[in-house]
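Some notes on the structure that comes next.
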Amino acid sequence: MPPYPKAHGLLDGKVTLVTAAAGAGIGYATARRCAEEGATIVVSDRHERRLAAAADALTELTGVKPLAVPCDVTSEAQVLALFDAVVEAHGRLDVVVNNAGLGGTAPLAEMSDEQWHAVIDVTLNGTMRCTRAALRQMTAQGSGVIVNNASVIGWRAQRGQSHYAAAKAGVMALTRCVALEAAEHGVRVNAVAPSLAVHPFLAKVTSEELLAELAAKEAFGRSAEPWEVANVIVFLASDYSSYMTGEVVSVSSQHP
């Protein structure tokens, strides 16, 4: 396991919003890494109690209490209220990390419309809603970076994951198309595509056999730590990736 990285001020002064930032997964790890790199953090999640706990943890870590705004990304009204709150509090918005996603396992022949729509609405439509809101603000200010959380499952196949794979492939396509539209306004749009980043909640809802099987497919023979995915997100959010847009960066050895 590599050591946890030292901060280098890669996001100094950048107002950064991370969705689905509560809990112990990629969202919170990203909020933490961005804060450590000097960003002014705003965190959001639909789980208010866990969101408050994440904000408290970031406050203890950095000494600065982040703005925490509850938001369900399936609601356009809540998404607009979230972005309005960020701009009202900080006057601008430099980075948005669209991390909200919903999984599940079901063979398509047994999947209900409700199961399909729930995953698509959070994972793809929610990313679209937040990207659209971010673009409106960033276009007006003439700068900004959007980083979407996709998945290698958008490229490869896995049983029982047709809804999630379709949603993540959609996030990849959305990223590429929007990047072309946003470039003339000085806004960059990229995505990360992790494979397996194990955290306590995932370990609780996923069998040890499946986790071991997925980890064995990786070049390093292990799952990623959430902060290892967050490191790539920080890079894409920073000025070090200033000429990158429309890219989907795999954080896994499993890619085309």
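The values are calculated or read from the model by the stated rules, or taken from the named source; none is laboratory data. Predicted model only: the values in this text are computed from it and were never measured. Here the Cβ is made from the backbone with ideal geometry for all residues, glycine too, and neighbour counts use every protein chain on show. Surface accessibility is based on the protein's heavy atoms, side chains included, excluding ligands, DNA and RNA. Shrake-Rupley method; radii C 1.70, N 1.55, O 1.52, S 1.80 Å.
Residues in region 65-78 carry Karplus couplings, in order, of 7, x, 5, 10, 10, x, 7, 9, 6, 7, 10, 4, 4, 5 Hz; the curve used is 6.51 cos²θ - 1.76 cosθ + 1.60 with θ = phi - 60°, and Gly or Pro positions show x. Working note: Debye formula, equal point scatterers on the alpha-carbon atoms of region 15-248, no solvent; log10 I(q)/I(0) at q = 0.08 Å⁻¹ is -0.27. Couplings 3J(HN,Hα) for region 107-117, derived from phi with the Karplus relation 6.51 cos²θ - 1.76 cosθ + 1.60 (θ = phi - 60°), are x, 4, 5, 9, 7, 7, 4, 5, 4, 4, 5 Hz, where x marks Gly and Pro. Here region 215-256 was treated as a single set of alpha-carbon atoms; its pair distances binned every 5 Å from 0 give 5, 20, 25, 23, 15, 10, 3 percent. Compactness of region 1-140 was expressed as the Cα radius of gyration divided by 2.2 N^0.38 Å, which yields 1.10. Charge dipole (Cα centre; +1 on Lys/Arg Cβ, -1 on Asp/Glu Cβ; no other charges) of the chain amounts to roughly 240 debye.
Ordering Thr40, Ala55, Gly9 by the projection of their Cα atoms onto the charge dipole of the chain, which places +1 on the Cβ of Lys and Arg and -1 on the Cβ of Asp and Glu, puts Gly9 at the extreme positive end.
Shown here are the Rg and Dmax of the Cα trace of region 95-218, at 15.9, 49 Å. Taking the accessible area of region 69-209, probe 1.4 Å, and keeping the other protein chains in place, the carbon and sulfur fraction comes to 55%.
Express the relative contact order of the chain as a whole percentage, based on alpha carbon pairs under 8 Å and six or more residues apart in sequence. Display every interim value, and only then the final one.
Working: 495 pairs, mean separation 50.6, N = 256.
Taking the mean separation of contacting Cα pairs over the length of the chain, I get 20 percent.
Toward the positive end of the charge dipole of region 61-201, with +1 on the Cβ of Lys and Arg and -1 on the Cβ of Asp and Glu, the farthest Cα among Thr175, Ser162, Ala106 is that of Thr175. In region 15-248, the DSSP beta bridges split such that about 0 percent are antiparallel, to the nearest 5.
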